[in-house]
Amino acid sequence: MTTPPVTQAAELAAIRRAIGARYTLERELGRGGMGTVYLARDVKLDRPVALKVLPSEFASQVALRDRFLAETRTAASFSHPNIVPVYAVEESDDLLAYAMGFIEGETLAERVARTGPMPVRDVVRMLQDTGYALAYAHGRGVVHRDIKPDNIMLERATGRALVMDFGISRSISHAVPAANLTRVGEVVGTPEYMSPEQAAGDVVDGRSDLYSLGLTAHFAATGRTVMTGESTQKILVKQLTEAVPSIAVARSDFPAALAAAIDQCVQKDPADRFATAEALVDAIDAAQLAEPDIPVPIRLFAGEVGTLSMVAVGILLYSWLFAHSSQGSSVDTLLPIFALLAVLFTRALTTLSEARRLAIAGFSVDEVMAGFERVMHERAQRREELRADSDTRRLRRLAIRWGSVGLVVSVAMVVQALRLRVRIDPRHYISGTVAVALIFGGAALMGTSVVLLMKSPFRMPPGERLFRALWLGPFGRAFIRFGTRKVKARPATSRPLPSVRTATVGPVDAAP
């Protein structure tokens, strides 16, 4: 529901009066049942902040206000790379807000809405980062209670996941119901991501957050919310009674260990889930699901050799066709072929020099070949993800339908153009304007239709087939060895760094 411009202007004026000269509001970032978030600038420290202004009922209820302030102080004490920091609380007679770190990026919900289901690697990263954050908070006696895609930020520059709104869920247990929120006893949360014990109003601990994280992983992997219903009550009944389907049903490309970890998170009985968030992260780490990043130099070199192979095929094929179709002298035939082969030779030399630079940077032949394998694995994995996406399948069916229709129409246009020709002698024809338009239009439509039919996001493209055949085999290894011979290597500086683990100290479970 969109707030009328007049109301928004009044809200902004009230907020500016309340915050005085401490912050300058720049623009609205988002609006929902839990309040409105603005991009603001801390005037004294000259840094951007996200200022979240909570609903008006927070300021009008003294008990709720005091509880919110106490719990926000707890959240403000957190210092963790996967938790959005809380800087300050702003309060007045008619305003309750808090300033938190501004993350240049988007929420998990926005990311999935923009790009569709996430790749396996990104789901693993999100689970690990969120798991680290939850382990830290649970160790300090804090349960989030509202883990969902809207409360997980993805930093644009690094891909890091950060959890926000710690402590808010407990603070609003008695507030007036807002959109997409429900209260059961002393519990608040989003029904679609609420654990069974939270939905029942029972005592919750850190394992409740793991259930919500499991449902969030389902959303990230499929682009769809698992638990839906026509009303809040029906959704809560589902959370209490219906088993969550295995993630492997929707994403057959998921490694078995990852699917098992997500499935364990969404068990109805808390005792059947991971005991702690750290145990979840350990399970993912033990399965080695978080593959190391492909070093940038190797990724760029893979693109270079892929281009070289396509250029080589194009030049050799063109040279062969030119040699067999040329009617001129031998010199006229050899000159353009020689020029093309010189281009190919020079391109091969530059690629060999790139291989040499890799060796100087400290990358071995085995590491380069392993990087090639991972690049190909990423592409195959991406095709599986697209195959699992219903929107992509729908668009592919649409492309096949239109491509087939276009092919039939183009053939009919060409046939009609041939019929309109006028023979002027046994070997020559003359075509009018209509026939010429039909022949060229039919040819263009035929080419477009062939592309629609042949270009499939689910099929390995010819360039990748050539790369696999040429560069993943003996030729690729021999080529790199030849380019790196007699090179004195130095330690590589572009290899991915190991992830930093944060130890959890203190109790894991927390009382409501």
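A compact table of results
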| item | result |
| --- | --- |
| Positions within the range 382-395 being at pLDDT 75 or above and either assigned by TED's automatic domain parsing to the domain that holds D253 or in contact with a Lys or Arg (Cβ under 9 Å, 6 or more places away or on another chain) (or both), in sequence order | R383, E384, L386, R387, R393 |
| All positions within the range 4-24 that are surrounded by 13 or more Cβ atoms within 10 Å (Cβ to Cβ) and either outside the structural domain of D93 (by TED's automatic domain parsing) or at pLDDT below 75 (or both) | Q8, E11, L12, A14, A18 |
| Any chance A342 is surrounded by 15 or more Cβ atoms within 10 Å (Cβ to Cβ) and modelled with pLDDT of 90 or more | no |
| Whichever residue in the range 149-192 is modelled with pLDDT under 90 and assigned to a helix (DSSP H, G or I) and, among such residues, is farthest from A70 (Cα to Cα) | S169 |
| Test: residue in the range 210-233 that is charged (D, E, K, R) and surrounded by 18 or more Cβ atoms within 10 Å (Cβ to Cβ) | no |
| Neighbours by Cβ (under 8 Å, 6+ apart or cross-chain): first from the range 342-355, within 14 Å of A302 (Cα to Cα) and in the same structural domain as S319 (by TED's automatic domain parsing); second of a type in the set (S, T, N, Q) and at pLDDT below 95 | A355/T484 |
| Residue count for the range 83-111, restricted to those that are surrounded by fewer than 21 Cβ atoms within 10 Å (Cβ to Cβ), outside any strand (DSSP E or B) and touching a Phe, Trp or Tyr at 6+ places or on another chain (Cβ under 9 Å) | 2 |
| Count of residues meeting criterion [of a type in the set (G, A, S) and in a loop (DSSP other than H, G, I, E, B)] in the range 112-146 | 3 |
| Any pair with Cβ under 7 angstrom, 6 or more apart, that starts in the range 461-476 at a residue that is assigned to a helix (DSSP H, G or I) and ends at one that is of a type in the set (D, E, K, R) | E464/R379 |
| Residues being at pLDDT 80 or above and surrounded by fewer than 18 Cβ atoms within 10 Å (Cβ to Cβ) - total across the range 287-299 | 2 |
| Test result for K44, more than 30 Å from A250 (Cα to Cα), among the charged types (D, E, K, R) and either crowded, with 20+ Cβ neighbours inside 10 Å or in the same structural domain as M153 (by TED's automatic domain parsing) (or both) | no |
| Count of the range 38-84 residues which are modelled with pLDDT of 80 or more and over 26 Å from Y132 (Cα atoms) | 11 |
| Every residue from the range 85-106 that is of a type in the set (A, V, I, L, M) and touching an Asp or Glu at 6+ places or on another chain (Cβ under 8 Å) | L96, A97, A99, I103 |
| For K455: the one exception among (1) more than 30 Å from R379 (Cβ to Cβ); (2) surrounded by 12 or more Cβ atoms within 10 Å (Cβ to Cβ) | (1) |
| Inter-residue pairs, beta-carbon under 9 Å, first at pLDDT 90 or above and in the range 300-326, second surrounded by 14 or more Cβ atoms within 10 Å (Cβ to Cβ) and part of a loop (DSSP other than H, G, I, E, B), 6+ apart | F301/F363; A302/I294 |
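The values are calculated or read from the model by the stated rules, or taken from the named source; none is laboratory data. The structure presented is a predicted model; accordingly, all values stated were derived computationally and were not measured. All Cβ positions, even for glycine, are placed from backbone atoms using ideal geometry, and neighbour counts span all protein chains on display.
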